[in-house]
Amino acid sequence: MNVTVIGAGTMGNGIAHVFAQSGHAVTLVDLDQSRLDAALGTIDKNLGRQVAKERITADDQAATLGRIATQTDLARGVAQADLVVEAATEDATLKAKIFEQIDDHAPDSAILASNTSSISITQIAGATERPEQVIGMHFFNPVPVMKLVEVVRGLATSDATYETVRELSEGLGKVPVEVNDAAGFVSNRVLMPMINEAIFCVHEGVATPEAVDTVMKLGMAHPMGPLTLADFIGLDVCLAIMEVLHRELGEDKYRPCPLLRKMVAAGRLGRKSGQGFYDYAAG
């Protein structure tokens, strides 16, 4: 199958990695060639780790990289696609524009999927002339490691589209879970309010970030504290998801913590910026 991935960031390069490793021809699309180059470097590095752990061979690494092409022109990138997976920034307006372009240039038979973590698939599908072929494929970071894929059905998503994506997900070694379209789906509707509440604990002086994380790790058996996880996800992403939940569900319990807004405004986004609730500059 010819798979096109839109967006060469953390999620996009991970999605390209797993499809290519499973034998699919992948075109990775981004407007910025430097981001594409960086993505290939990341994929190569991650494959190298798999070789070092003897999970794949060096030949497998080379073959996987050989299945990935890059493209800065979206129209050319989707022209031969059987499946397009959009992994752009969590912005509804941007995604609508991208899906309009994909719909114009991808083959009529192509399935159009979004890796969105919170935005309505029905809304995204409304930007196309093929809503029955639009679906959510919500992968989790790091994509080569995490087993779950939330397969999100929009209002018009057909059974045939769902079955194809379910089977594809299983073919990647993932566990697909069917979810109906709702803000945040299941994962982020449960996770993000917990993270937001942990931030409120810091904001209100209840405890330090270290203390909050220790309570949740040792008391609740979480493998990672919520504030460490927020830094890993990206505080800007956490804020964007909370804003979607607050806007779409309309309840005050989804109101983003002011400290979260302040940290994002200050550019303290977590690991990717070098500072969030913890300092990563030395690492």
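The values are calculated or read from the model by the stated rules, or taken from the named source; none is laboratory data. Just so it is clear, the structure is predicted and the values come from calculations on it, not from any experiment. Quick reminder, even Gly has a Cβ in these numbers, built from the backbone with ideal geometry, and neighbours come from all protein chains shown. These area figures cover heavy atoms from the full protein model, side chains too; ligands, DNA and RNA do not enter into them. Shrake-Rupley method; radii C 1.70, N 1.55, O 1.52, S 1.80 Å.
Points to keep in mind about this one:
- Relative contact order, percent, the chain [alpha-carbon distance under 8 Å, six or more residues apart]: 13
- Sparsely packed GluC sites (Glu not before Pro) within the stretch 225-283, loop by DSSP, other Cβ within 10 Å at most 11: 251
- Between the C-alpha center of the stretch 129-143 and that of the stretch 159-206 there is a gap of 12 Å.
- Rounded to the nearest 10 Å², the accessible area of residue 164 at probe 1.4 Å: 50
- Rough spin-label spacing in nm, given labels placed 7 Å along Cα→Cβ, for residue 109 and residue 222: 4.6
- Over all Cα atoms in the stretch 225-283, the spread is summed up by Rg and Dmax: 11.9, 40 Å.
- Cα-based Lys proximity count in the chain, under 27 Å, for pairs eight or more positions apart or on separate chains: 23
- Stretch gain in nm, segment residue 186-residue 44, where the contour uses 0.36 nm per residue and the Cα spacing is subtracted: 47.9 nm
- Remark: accessible surface ordering of 277, 139 (largest first) is 277, 139, probe radius 1.4 Å.
- Heavy-atom surface of the chain, accessible at 1.4 Å and reported per residue (Å²): 47
- Cleavage-rule hits (GluC sites (Glu not before Pro)) in the stretch 127-162: DSSP loop, at most 16 neighbouring Cβ within 10 angstrom: 129
- The stretch 142-252 - percent of accessible surface contributed by carbon and sulfur, probe 1.4 Å: 59
- Sites residue 145 and residue 73 - FRET efficiency at Förster radius 25 Å, r taken between beta-carbons, to 0.05: 0.20
- Helical mean residue ellipticity (222 nm; -39500 (n - 2.57) per DSSP H run of 4+; nearest 500) of the chain: -14000 deg cm²/dmol
- Spin-label pair residue 1-residue 247: with each label point 7 Å from Cα along the Cα-Cβ axis, the two points sit 3.0 nm from one another.
- Once you reduce the stretch 76-114 and the stretch 12-53 to the center of their Cα atoms, the two points are 19 Å from each other.
- Most fluctuating residue given options 110, 39, 63, as computed from a GNM of the chain linking Cα atoms under 10 Å: 63
- GNM flexibility winner over the chain from 30, 82, 73 (Cα, springs under 10 Å): 73
- Take the Cα radius of gyration of the chain and divide it by 2.2 N^0.38 Å, N being the number of residues; the result is 1.01.
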